[in-house]
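Note sheet for the following structure.
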Amino acid sequence: MTEKTHASLAIPARETDQGHALPPRHREWRRAQIAIVIVLVLLLIGAIRTVVARMLNDHAVQAATTQNAKQYVNVEFPKQADGAGDTLLPGTLRGFVESPIYARSTGYLLHWYVDIGAHVKQGQLLADLDTPEIDQELAQAVAQREQTASSLVLAKSSLERWQQLRQRDAVSQQELDERQSTYNQDMANLDAADANVRRLRQLESFKRIVAPFAGVVTQRNVDVGDLIDAGSGTSRALFALAQSDPLRVYVQLPQAYAQGIADGQQVVVTQAELPEQQFHGSITHIAGAIDVPTRSLQIEVTLPNPDGKLRPGAYVQVALQAVAHARLLVPGNALLFRAEGPRLAVVDANGVVKLHKVLIAQDLGQTLEIESGIEPTDQVIVNPSDSVADGDHVVIAKPSGKQGATS
């Protein structure tokens, strides 16, 4: 091939005018092969990088999905209730004997002798009433009794004479029977008149209002000149009287504690207005049935009050010892409400949720006193989701607090 041909095909000649020789063809081919290998290596590296990036991205997405699917919960161990089973219940102080004092006679209040806070003895005069109508009725009844007595004297004298005449057969037996009947009728009339006089005298005695028992006057609702109506229907009470030593304490005991009390059991009574003071009493009466609306049992505590520190009507707290079986306290926001009843979600060692049926002994506001259903070693989920169910896998987000107190 001539140089002209080489030039037309852009193939350099083996030798130039200056006498330099061109590179051999095999060397050019080797360089081309090296360039091709480099390009292929670069493409392979790019492909490997893309595949690795996709695999890493898939792993990252899968890890994020798994992480987001985990349910984190906070747990707490149940704590033992303070007081070794003592239970505080609200109670109301009442006088051992309490009674409103009403009038049995109608009249005007003439004078009163005691006011609120006065300590009175049984039979002590509290007030006087002016009862002119009853006085007149009594005077009339006495006069009628005297009239009946006079008629009886005449009937008796007539009967005795007719009996003598009958012995001489001067009168008939029928006439004697008539005199006897008149005498018997006058005797009955005299008995009725005596009964009426006694009734009115007793009614007149009620114008003196006296204390039916020893105690303290807690109310005085009348003043001098007030019109007093007899009876307790629509009329108002003149006084209210209460016996303050001993006192009665009425307590509504929840049904959960009803089986743990007995007559004679000792209790401790405290009042917020008397700090660091305790008053000891005993259970004297227990209602024989559970009150249906409140599901509670009424008990009565007799409480000595010799110094009068406690006043009838006051609000107190009654501590019943060894009544409650509930020992554990859990937060109030740990409770789950289900159709089957209250539940607590407990996490086991493998992170699996178990719903425990529990019996609530007492609601203390922020905490619940649990009688049965959980153990001190159970990890109770705090503020659980409403969708939590048996068998769910969860992760404890934070270390739980110290285990509940030991007994």
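The values are calculated or read from the model by the stated rules, or taken from the named source; none is laboratory data. Bear in mind that the values here come from a model prediction, so they are computed numbers and not experimental data. A quick note on method: Cβ atoms are made from the backbone with ideal geometry, for glycine too, and the neighbour counts reach across all protein chains shown. Quick note on the areas: whole protein, heavy atoms, side chains included, nothing else; ligands and nucleic acids left out. Shrake-Rupley method; radii C 1.70, N 1.55, O 1.52, S 1.80 Å.
Could we say that Leu241 is touching a helix residue (DSSP H, G or I) at 6+ places or on another chain (Cβ under 7 Å) and not in a loop (DSSP other than H, G, I, E, B) here?
Considered against the rule, which asks whether it is touching a helix residue (DSSP H, G or I) at 6+ places or on another chain (Cβ under 7 Å) and not in a loop (DSSP other than H, G, I, E, B), Leu241 comes out as no.
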| message | Looking at the stretch 138-159, I want the residues that are closer than 12 Å to Asn189 by Cβ and have a partner that is of a type in the set (Asp, Glu) and open to solvent by less than 50 Å² (accessible area, probe 1.4 Å) with Cβ atoms under 8 Å, at least 6 apart or on another chain. Which pairs are those? | response | Arg145/Asp194; Thr148/Asp186; Ser151/Asp186; Leu152/Asp186; Ala155/Asp186
| request: Please verify whether the stretch 217-225 includes one or more residues that are within 22 Å of the chain's Cα centre (by Cα) and of a type outside the set (Val, Ile, Thr). | output: no
| request: With respect to Leu203, determine if the residue is over 60 Å from the mean Cα position of the chain (by Cα) and open to solvent by less than 70 Å² (accessible area, probe 1.4 Å). | output: no
| query | Quick one: would you say Asp307 is at pLDDT below 85 and either closer than 28 Å to Ile283 by Cα or open to solvent by 40 Å² or more (accessible area, probe 1.4 Å) (or both)? | reply | no
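Can you tell me which of Gln271, Gln243 is open to solvent by less than 40 Å² (accessible area, probe 1.4 Å) and either of a type in the set (Ser, Thr, Tyr) or at pLDDT 85 or above (or both)?
Exactly one of Gln271, Gln243 is open to solvent by less than 40 Å² (accessible area, probe 1.4 Å) and either of a type in the set (Ser, Thr, Tyr) or at pLDDT 85 or above (or both), namely Gln271.
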| query | Is there a residue being open to solvent by less than 80 Å² (accessible area, probe 1.4 Å) and at pLDDT 85 or above anywhere in the stretch 54-66? | reply | no
| query | Within the set of pairs 6+ apart or on separate chains, which have a first residue in the stretch 110-124 that is surrounded by 11 or more Cβ atoms within 10 Å (Cβ to Cβ), a second that is among the polar types (S, T, N, Q), and C-beta atoms under 9 Å apart? | reply | Tyr113/Gln124; Val114/Gln124; Ile116/Thr218; Ile116/Gln219; His119/Ser244
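Every residue in the stretch 358-367 that is on the phi < 0 side of the Ramachandran plot and either at pLDDT 90 or above or out of contact with any Asp or Glu (no Cβ under 9 Å at 6 or more places or on another chain) (or both), please.
Within the stretch 358-367, Leu364, Gln366, Thr367 qualify.
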| When you look at Arg145, is it basic (Lys, Arg), over 30 Å from Gln252 (Cα atoms) and in contact with a helix residue (DSSP H, G or I) (Cβ under 6 Å, 6 or more places away or on another chain), yes or no? | yes
| Is it the case that the stretch 225-238 has a residue that's open to solvent by less than 70 Å² (accessible area, probe 1.4 Å), on the phi > 0 side of the Ramachandran plot and in contact with a Leu (Cβ under 7 Å, 6 or more places away or on another chain)? | yes
| message | Quick check on the stretch 348-371: of everything there that is closer than 12 Å to Gly391 by Cβ and β-branched (Val, Ile, Thr), which residue is most open to solvent (accessible area, probe 1.4 Å)? | response | Val352
| message | Taking the conditions exactly as written (open to solvent by less than 50 Å² (accessible area, probe 1.4 Å), touching a strand residue (DSSP E or B) at 6+ places or on another chain (Cβ under 7 Å) and either charged (D, E, K, R) or in a helix (DSSP H, G or I) (or both)), does Ala256 satisfy them or not? | response | yes
